[in-house]
1. Output the relative contact order of the chain, whole-number percent, from Cα pairs under 8 angstrom with separation of 6+ residues.
2. Note the angle between two axes, namely the Cα long axis of helix 110-126 and the longest principal axis of the Cα atoms of the chain, as a number of degrees from 0 to 90, rounded to the nearest 10.
3. Please build a GNM for the chain, connecting alpha carbons under 10 Å apart, and tell me which residue among T95, T197, T72 fluctuates the most.
4. Going by alpha carbons, how many degrees (0 to 90, nearest 10) lie between the helix axis of 189-206 and the longest principal axis of the chain?
5. Under a GNM of the chain (C-alpha, springs under 10 Å), which listed residue has the highest mean-square fluctuation: R86, R73, R162?
6. Between Q177 and K22, take the C-beta separation as r, use R0 = 35 Å, and let me know the FRET efficiency to the nearest 0.05.
7. Within the range 103-119, what residues put their amide N at less than 20 Å from the label point 7 Å along the Cα-to-Cβ vector of C29?
8. For the chain, take the longest principal axis of its alpha carbons; what is the angle in degrees between that and the long axis of helix 129-153, to the nearest 10 within 0 to 90?
Amino acid sequence: MTTVLDFTLNAADGALRTVFAKPRASKPCPTLAAQETELSPQEKALSGALMRVNHVGEVCAQALYAAQALGTRDPALREHFQQACRDEGDHLAWTRTRLDELGARPSLLNPLWYAGAFGLGLVASRLGDSLSLGFVVETERQVEAHLASHLDRLPEGDHESRAIVAQMKDDEAVHAQAAQDAGARLLPAPVKALMRTAAKVMTTVAHRI
């Protein structure tokens with residue numbers, strides 16, 4: 001009972017820190033040496049909107065991994081999820097810092113995004129560890145594709161944002177492979193399609209709100 005209570009309190013603390021506190025990265029923010037960013041007002045607005053979407057994605061990642069760590073009974077798998085959550089914490093910090101630099105704000109709906117993602121993570125964990133890991137694989141692969149599309153859309157001169165997104169994309173591929181190696185099962189096609197639809201709604205709304 002004490003262990004469950006500890007995990008629950010830690011999850012609640014993580015939620016409050018993710019949504020309301022300014023995160024701190026454990027690793028330096030990626031940069032491109034000797035590159036200066038000069039953006040027009042329109043380019044700055046576009047970069048801000050895209051980085052807000054990416055920040056929302058990292059808010060959701062914190063929620064998903066925290067819920068899956070809470071839901072599994074396997075100590076080794078719990079540590080796997082908690083380490084992934086810590087890794088994604090760097091992404092959360094980098095995107096928030098870049099938002100501040102661009103003069104853009106985080107999504108006003110971050111509490112809602114967090115709650116929804118946490119619920120999905122709990123549902124995934126109740127389906128069993130292998131399917132929970134399969135959910136991670138599919139999520140990370142969809143995020144990787146999403147970040148690749150942002151590299152196409154970000155202004156060419158926004159070197160800081162592009163460096164962050166490129167590093168995040170590489171990291172997501174590593175997380176997907178780690179989950180695959182840990183025993184992930186392939187999700188059914190309808191589930192993948194539903195995940196893509198939910199992600200599309202989130203990214204469309206977060207682009208503006």
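The numbers here are math on the coordinates, done by the rules we state, and not lab data. Everything quoted here is computed from the prediction, not taken from an experiment. Don't worry about glycine lacking a Cβ; one is built from the backbone with ideal geometry, like all the others, and counts go over all protein chains shown.
1. Value for the chain: 29 percent.
2. 30
3. Judging by the Gaussian network model, the answer is T197.
4. 40
5. R73
6. 0.70
7. In the range 103-119, the label zone of C29 (backbone N under 20 Å from the point 7 Å along Cα→Cβ) covers 103-108.
8. Result, in degrees: 10.
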